[in-house]
Amino acid sequence: MFDDRAFATWPRVLLGALGFATLFGVVAVLTDLLFEERLYLSRWTLGLALLAFVGYLGVAAAIRSRRRHEP
């Protein structure tokens, strides 16, 4: 289902996690702009981006672990 090249090395994993967190952060900032009518970086936005980063790392670690244990 997934191409293993994205998870082949840790620099690629970190770059992917950073991109994923950035996308979630931008969506959160734009949501704040839509509902609060001002553009700012809130604690909620940073928390969401951090959770996206950690979640991506967790999924990447699980995929790398599974790939390592397959015959």
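The values are calculated or read from the model by the stated rules, or taken from the named source; none is laboratory data. This structure is a prediction, so every number in the text was calculated from the model and none was measured. Neighbour counts are summed over all protein chains in view; Cβ atoms, including those assigned to glycine, are modelled from backbone coordinates with ideal geometry.
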Would you mind telling me which numbered condition in (1) in a helix (DSSP H, G or I); (2) surrounded by 11 or more Cβ atoms within 10 Å (Cβ to Cβ) L41 fails? (1)
Could you list all residues from the stretch 1-42 that are β-branched (V, I, T) and closer than 12 Å to A60 by Cβ? T9, V13
Residue pairs within 6 Å by beta carbon, gap of at least six or interchain, first lying in the stretch 45-70 and farther than 15 Å from R12 by Cα, second in a helix (DSSP H, G or I) and among the small types (G, A, S), listed first then second, are T45/G25; T45/A28; L48/A28; A49/A21; A49/G25; A52/A21
Those residues of the stretch 1-38 that are of a type outside the set (A, V, I, L, M) and not in a helix (DSSP H, G or I) come to a total of 5
For P71, work out the one condition from (1) at pLDDT below 95; (2) in a helix (DSSP H, G or I) it doesn't fulfil. (2)
Could you tell me which of the residues V13, V29 is without any contact (Cβ under 8 Å) to a residue 24 or more places away in the chain, among the hydrophobic types (A, V, I, L, M, F, W, C) and surrounded by 13 or more Cβ atoms within 10 Å (Cβ to Cβ)? V29
Taking the stretch 41-68 on its own, how many of its residues are at pLDDT 90 or above and farther than 19 Å from R5 by Cα? 11
